[in-house]
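K.L.:
The structure that follows is given in the form of structure tokens.
The values are calculated or read from the model by the stated rules, or taken from the named source; none is laboratory data. All values reported here derive from a predicted model rather than from experimental measurement. As a convention, Cβ positions derive from the backbone with ideal geometry for all residues, glycine included, and neighbour counts pool all protein chains shown.
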Amino acid sequence: MSEEMPAGRRKVRVVVLGGGTAGWMTAAGIAKLLPDLADVALVESEDIGIVGVGEATLPHIRGFVETLGIDEAAFMKATHATYKLGIDFRDFGRIGESYIHPFGSFGEELRGVSFHHYWLELQRQGLARPLGDYSLAVAAAQANRFRPPAQDTSLASTYGYAYQFDATLFGPFIREFGLSIGVERHEGKVTSLDRDSADGDVTALVLEDGRRIEGDLFVDCSGFRSLLLGQELKEEWEDWTHWLPCDRAAAMPCSHVTDDIRPYTTATAMPAGWRWQIPLQHRMGNGYVFSSAQISEEEACEAIMGAAEGEPLADPRILRFRPGRRRHSWSHNVIGVGLASGFLEPLESTSIYLAQMAITYLIELFPQDGAIDPRDRAEFNRLVDMEYDRVRDFLILHYHATTRDDSEFWNHVRTMTVPDSLADKLELWRKAARIEKYSDGLFYDASWIAVYVGQGMLPERHDTRPALGNPQQLAQATERLREAVLREVGAMPNHREYLRGEAARL
Ligand code: FAD
């Protein structure tokens with residue numbers, strides 16, 4: 001029992017299986033935020049290694065870095081990270097067309113009516129510029145400029161940012177941090193488990209050399225193996241391949257081609273999937289996410305070698321996965337976080353976010369006096385399911401909202417039946433330009449609007465109020481907004497210059 005604890009209470013012994021991004025984020029998060037409630041041990045095997053991809057993130061990651069008390073500039077330097085203002089989607093709606101999904105809003109609400117209704121009215125009158133012209137994040141990304149948003153309510157505060165980092169450096173960085181705040185690390189391969197004969201809970205991980213790591217709560221971060229949740233507890237897998245047919249990736253890092261570093265990720269649609277370009281400080285990450293039902297691994301490797309800009313820094317590496325999630329992420333006293341609980345392809349860089357949210361929910365619902373309340377477990381599963389389902393729907397939208405008919409892959413995704421939850425959202429948009437409101441979780445209005453409009457899915461009608469005003473005044477007001485956006489962007493430093501300045505500050 002820990003000395004600081006009141007008599008009769010002891011800390012919960014948390015054992016994390018796996019030392020990838022998910023494992024170290026979990027261990028560091030719990031050790032940092034629940035120091036009086038939990039002792040944290042982590043088991044990892046260097047022989048098995050980590051998946052080692054996952055370079056693009058969402059703005060939420062900043063909250064995690066901040067909560068841990070990590071200095072952003074030091075973190076960015078250690079992981080060779082760049083800033084990310086959004087994702088540039090190319091050829092998704094139609095070949096030759098592109099749009100940026102920004103981490104930020106388009107215009108601003110006026111008299112209780114969302115900006116996109118004004119834009120749709122201008123569009124109807126043939127007076128609209130591209131929607132992205134009214135977003136500071138889009139304009140800054142297009143100009144390769146960056147600076148953090150203002151902390152006020154001005155136009156300069158209307159965007160957010162995330163990081164693009166070297167995944168092989170992020171894990172070790174968080175590991176160092178975790179060790180420094182008391183996470184106990186065990187190196188070795190788990191070969192079996194001990195379980196309580198009465199309730200079936202896991203009581204210890206048994207390593208190859210016979211060591212036993214005992215615990216009260218086990219977090220399965222063993223990656224695609226899902227050793228505890230999948231293999232041992234046989235938690236059912238919900239397969240989403242019929243909606244998200246990509247099940248492989250060919251990843252290949254390259255050198256940079258120009259001195260400029262783009263502050264955004266690029267996703268370019270391909271005949272059997274799409275390919276990413278993620279600019280880091282020292283290299284460009286490239287990969288082709290594809291459906292193995294349509295092309296072979298060899299064909300995908302050839303395609304990525306042909307498409308990648310810059311000098312290859314390694315041969316293409318194939319990663320295999322299945323889209324979907326475990327029916328329950330928390331079963332008995334085992335919680336799956338990261339790839340062990342589910343996987344959705346990296347089209348919107350959501351995997352690390354999903355791990356982060358699972359950690360946040362676990363901390364909120366942590367069994368404070370050691371005993372797991374089944375209601376907390378059920379709530380955790382409800383929240384994690386909600387996150388997965390919303391991400392799934394948003395990803396499917398990128399495939400389904402297309403006019404492409406140039407390959408079997410695109411014909412399938414364009415014509416497939418989508419989940420009911422997405423069908424409802426599509427109907428809401430098509431009929432009235434409305435977006436389902438979320439108070440938490442991903443993704444907010446601007447994200448859906450970016451994809452709908454960017455991929456050419458315009459609604460049948462929109463709010464009538466913008467049409468009641470003077471059209472000339474509306475056009476002038478939006479033009480003033482555009483000018484203000486350009487002024488803000490003009491005052492921002494070049495992305496690479498900004499990175500250099502931050503590194504020099506250390
Ligand atoms: P892993 O990294 O696989 O770690 C598993 C750990 O478990 C390892 O330490 C391993 O040694 C340990 N382990 C397993 N079995 C045992 C055992 N028997 N004994 C002891 N230890 C064991 N996410 C994003 O957010 N953005 C992206 O851009 C992105 N791109 C991706 C691209 C691809 C192609 C893929 C496949 C994934 C991508 N992801 C992305 C997802 C991201 O890589 C993962 O979410 C993240 O790395 C977390 O992985 P993990 O820690 O769950 O698993």
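K.L.:
Considering only segment 109-131, I want to know if a residue exists there that is in contact (Cβ under 8 Å) with a residue 60 or more places away in the chain and within 19 Å of Pro59 (Cα to Cα).
P.N.:
no
K.L.:
Could you grab me the full set of residues in segment 35-81 that are part of a loop (DSSP other than H, G, I, E, B) and farther than 17 Å from Ala355 by Cβ?
P.N.:
First, pick out the residues of segment 35-81 that are part of a loop (DSSP other than H, G, I, E, B): 35-37, 45-55, 57-59, 69-71, 79-81.
Across segment 35-81, the qualifying residues are Pro35, Asp36, Leu37, Ser45, Glu46, Asp47, Ile48, Gly49, Gly69, Asp71, His80, Ala81.
K.L.:
Quick check: anything in segment 412-434 part of a loop (DSSP other than H, G, I, E, B), charged (D, E, K, R) and more than 30 Å from Leu280 (Cα to Cα)?
P.N.:
Looking only at segment 412-434, we keep the residues that are part of a loop (DSSP other than H, G, I, E, B), and these are 416-419, 433-434.
Those still in the list that are charged (D, E, K, R) too: 434.
Narrowing further to those that are more than 30 Å from Leu280 (Cα to Cα): 434.
Yes, there is a match, as at least one residue in segment 412-434 is part of a loop (DSSP other than H, G, I, E, B), charged (D, E, K, R) and more than 30 Å from Leu280 (Cα to Cα).
K.L.:
Is at least one residue of segment 295-311 in contact (Cβ under 8 Å) with a residue 60 or more places away in the chain and away from the ligand (no atom under 16 Å from the Cβ)?
P.N.:
Residues of segment 295-311 that are in contact (Cβ under 8 Å) with a residue 60 or more places away in the chain, as a first pass: none.
Among the residues of segment 295-311, not one is in contact (Cβ under 8 Å) with a residue 60 or more places away in the chain and away from the ligand (no atom under 16 Å from the Cβ), which makes the answer no.
K.L.:
Still on this structure: Go through (1) at pLDDT 95 or above; (2) outside any strand (DSSP E or B) one by one and return the number of the condition Val289 breaks.
P.N.:
The failed condition is (2).
K.L.:
Based on this model, can you work out whether Phe224 counts as aromatic (Phe, Trp, Tyr), in the same structural domain as Ala28 (by TED's automatic domain parsing) and within 9 Å of the ligand (Cβ to nearest atom)? It would help to see each step written out before you state the result.
P.N.:
Details: aromatic (Phe, Trp, Tyr): yes; in the same structural domain as Ala28 (by TED's automatic domain parsing): yes; within 9 Å of the ligand (Cβ to nearest atom): yes.
Against the criterion (aromatic (Phe, Trp, Tyr), in the same structural domain as Ala28 (by TED's automatic domain parsing) and within 9 Å of the ligand (Cβ to nearest atom)), Phe224 qualifies.
K.L.:
Specify the residue that is nearest to the ligand (Cβ to nearest atom); the eligible residues are those in segment 34-50 that are surrounded by fewer than 18 Cβ atoms within 10 Å (Cβ to Cβ) and touching a residue at least 12 places away in the same chain (Cβ under 8 Å). Break it down stepwise before answering.
P.N.:
Residues of segment 34-50 surrounded by fewer than 18 Cβ atoms within 10 Å (Cβ to Cβ): 35-36, 46-49.
In the following step, the residues that additionally are touching a residue at least 12 places away in the same chain (Cβ under 8 Å) were identified as 35-36, 46-48.
Numbers: Pro35: 23, Asp36: 26, Glu46: 7, Asp47: 8, Ile48: 4 Å.
Among those that are surrounded by fewer than 18 Cβ atoms within 10 Å (Cβ to Cβ) and touching a residue at least 12 places away in the same chain (Cβ under 8 Å), it is Ile48.
K.L.:
Which of (1) over 30 Å from Gln455 (Cα atoms); (2) at pLDDT 95 or above; (3) buried (at least 20 other Cβ atoms within 10 Å of the Cβ) does Lys189 not meet, given it meets every other one?
P.N.:
All conditions pass for Lys189, except number (3).
K.L.:
Kindly evaluate Val206 against the criterion of being within 27 Å of Gly29 (Cα to Cα) and either surrounded by fewer than 24 Cβ atoms within 10 Å (Cβ to Cβ) or within 15 Å of the ligand (Cβ to nearest atom) (or both). Working first, answer last.
P.N.:
Numbers: within 27 Å of Gly29 (Cα to Cα): yes; either surrounded by fewer than 24 Cβ atoms within 10 Å (Cβ to Cβ) or within 15 Å of the ligand (Cβ to nearest atom) (or both): yes.
Yes: the conditions hold for Val206.
K.L.:
Which residues, counting only those in segment 188-212, are in a strand (DSSP E or B) and in contact with a Gly (Cβ under 9 Å, 6 or more places away or on another chain)? First the steps, then the outcome.
P.N.:
Taking segment 188-212 as the starting set, the residues that turn out to be in a strand (DSSP E or B) are 190-195, 202-207, 212.
Listed by number, the residues that qualify are Val202, Thr203, Ala204, Leu205, Leu207.
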